[in-house]
1. When you check A:Leu24 against the structure, is it more than 13 Å from chain B (Cβ to nearest Cβ), surrounded by 19 or more Cβ atoms within 10 Å (Cβ to Cβ) and in contact with a strand residue (DSSP E or B) (Cβ under 6 Å, 6 or more places away or on another chain), yes or no?
2. Within the group B:Phe168, B:Phe190, which residue is in a helix (DSSP H, G or I) and in contact (Cβ under 8 Å) with a residue 24 or more places away in the chain?
3. A:Val102 - would you say it is more than 24 Å from A:Thr57 (Cα to Cα) and either under 14 Å from the mean Cα position of the chain (by Cα) or β-branched (Val, Ile, Thr) (or both)?
4. Would you kindly identify the helices (runs of 4 or more DSSP H) lying entirely within region B:254-308 that contain at least 1 residues that are at pLDDT below 70?
5. Test of understanding: among A:Ala37, A:Ala99, which residue is hydrophobic (A, V, I, L, M, F, W, C) and in a loop (DSSP other than H, G, I, E, B)?
6. Say whether the condition of being under 13 Å from the mean Cα position of the chain (by Cα) and open to solvent by less than 30 Å² (accessible area, probe 1.4 Å) is met by at least one residue in region A:62-69.
7. With the requirement that a residue be part of a helix (DSSP H, G or I), over 16 Å from A:Phe52 (Cβ atoms), open to solvent by 30 Å² or more (accessible area, probe 1.4 Å) and small (Gly, Ala, Ser), what does region A:103-154 give you?
8. Can you confirm whether region A:89-96 contains a residue that is under 19 Å from B:Ala115 (Cβ atoms) and in contact (Cβ under 8 Å) with a residue 60 or more places away in the chain?
Amino acid sequence: MASKRLIKELDAYNKDPSPALKALEPKSEDDLFHWVAVLRGPEGTAYEGGRFTLTITLPSTYPNTPPEIRFQTPICHPNVNFKTGEICLDLLKTSWTPAYGVVSTLEAVQQLLSAGGEPDSPLNIDLARLLREGDLVGAEGLVRFYTRMLAMPR
Amino acid sequence: MASLPARQPSQRRSSRPEQPQQSSTHSPVRSRSEDSQTIFVHDAPEKEEQQQEESIQPAARPIAPEDDPSVKRCWICFEDSTEDTPETSPWRDPCPCALMAHEECLLDWIADVEAPKNTRNRSLAAPKIECPQCKSEIKLARQRDYVVDLVRGFERLALKAIVPSGVFMLSGAVYHLSALHGIHSIYAVFGARDGARILRPLRMNAIRPPVEVYLNDPRQASYQVLNLLLDHAVHWRLYCGIPLITPILLASRTSLADGILPVLPIVFFASQVHAPDSTIDFPTWPPSASFAFAILPYIRSLYNLYYQKVWAEKEKQWLKEIQPRVTQNQGDGQNEGQGAGVNEGMMELQIDQGLWDNWDDPEQEEAADNNAPAQDDEAAPGPNVQDNRPNVRGGGNERPQQNAPAGGQQQQQQNQQPANGNQPIGQVDRRISFSPTGIAETALGAIAFPTLAGLAGEALKLILPRSWTTPRGYSSRGLLQHKWARSIIGGCLIVVGKDALMLYVRWRMAQMHRGRRVVDFDRKKGNSKRTAV
């Protein structure tokens, strides 16, 4: 069931690419359970212009269990671990249902970027602290700096 | 965890952008797979259901099956009814909204949601199966077995209870540990006879069989429970106080206790009526044990105050003197108050000493005020030693001409300082050191204190004349005839003696620091030695 559904999702994406993504494809042709996506930084935010690579690992029990999504490009976000790329998003853990797909989950990740995140359950403590103390300018500057340094093509 | 408003794939699909499909985006992989739903531009004519779309967009455009309302699409496996084969499971429409699914897919999904190892269901109740879109419950017709339900519920309950019961067990262990140490302390301070008398109810209770033993004899069981409750009601101070001894000993080493300790005697006095073995006797001498222990916290506060006012400043001065000159702004005498580095080094040392002086020194004062000349002797030297020494030392030094003035100057400063700088120093002292070794030292010192005090009391018994320490009718000077009193005074002496010793060491180190010099190499001697070798 999993591979059939993955093929369908991939086809659906190729027919109708999501504006949030620049690319989405399996890592290699014969392995359908490891994908790579390139996410666009949402416009109008400090991530604008960034191109973030994410790795997607799909469990064999997909879609009953959520895909595992990590940022490969380091990203400065309160709910993303800067080193490992782990994302703290309920959709990827508790509130997953099979009605979601890979593309809609990645769109949710993009929404997480534009929404600014939840500094009360941080994976990036430094940034979360800035946000909690209300230093929005500082936080935005930091995000912009890292986006420009690490996620923009030169 | 960040959460976002639910956004379903179906919403996105309904608002498809109207752009011509690019067949170039298809990779060979997908065109190869037979069971895929890929529809290429040139495949489009094969499909029948594309009339309306065709009219809008003349360009041949594939029509995804999900756009057609007559085609059912499984929200779990994403397959639609056009792909149905005889083997596919029947379609189910379990909820009011448009989502439909294959029965098998639904059952798989439900089995996954209900799996006991599934960490996603955290609630105590059985996980609710609901449609992800409209949130209405999906009903399952299935056999129910109450035993299965019960056991599953119990399993979930057990999973929930792990942390609370772990905490409960741990705190129980801590309680019993501190109670055991409390009993040990009581014996150490009061001696075997008095200790046994105090702890008698506790001892009876400790080996009482648990209530469930009497299950076949309800009357006996209720009697036992009642007895237990009654026992606790009558001796509540014992049951509360014994396990509290250790925490309070520990707290007394920190500034925390400054707030708590003075409250305890009030509690004590207020509940005095129930005390079976002692009465309040302010005017009588010797005081009763309960009274003596009740005023200890006040004596402690008094002693701490005295130490702060008289000695803390001098000690600080001495400590500062032995710092390397880098952190000192100027020479020996005139360096107080400047340089944060000095203060930091200082902090540790002062705290270090704070571990010890907090406790019973207070009692020493009481002792000195009240009775036995022996204690006066012991207590007085502490302070005096330091005051007297400088002159002696100055004479003995290698460079008296430098040291004497410096020492004098310093003394003056010390005398002035308490007036000015008392406040900040008090605050510095209050801070608790957080270094692990410091904490361990404090805790160990506090825990060993009752034993040490008891031993010191025994030593007093050996040292002091027999007539003071052996009961002799109703003598009015009989304080030291009690083991507990000797323990108290022994403890006080330990604290005071320790403080005095530390002060002496600090002062002496400062003195010796001033008198240091580097010895020149004696070439003649060295040469002769070398030749000899």
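1. Considered against the rule, which asks whether it is more than 13 Å from chain B (Cβ to nearest Cβ), surrounded by 19 or more Cβ atoms within 10 Å (Cβ to Cβ) and in contact with a strand residue (DSSP E or B) (Cβ under 6 Å, 6 or more places away or on another chain), A:Leu24 comes out as no.
2. Going through B:Phe168, B:Phe190 in turn, just one is in a helix (DSSP H, G or I) and in contact (Cβ under 8 Å) with a residue 24 or more places away in the chain: B:Phe190.
3. In short, no.
4. Passing ranges, in order: B:256-260, B:263-270.
5. Every option except A:Ala99 fails the conditions.
6. Yes - at least one qualifying residue is present in region A:62-69.
7. A:Gly141
8. no
The values are calculated or read from the model by the stated rules, or taken from the named source; none is laboratory data. Not measured: the values here are computed from a predicted model. Cβ: placed from backbone, ideal geometry, glycine included. Neighbour counts: every protein chain shown. With ligands, DNA and RNA removed, areas are computed over all heavy atoms of the protein, side chains included. Shrake-Rupley method; radii C 1.70, N 1.55, O 1.52, S 1.80 Å.
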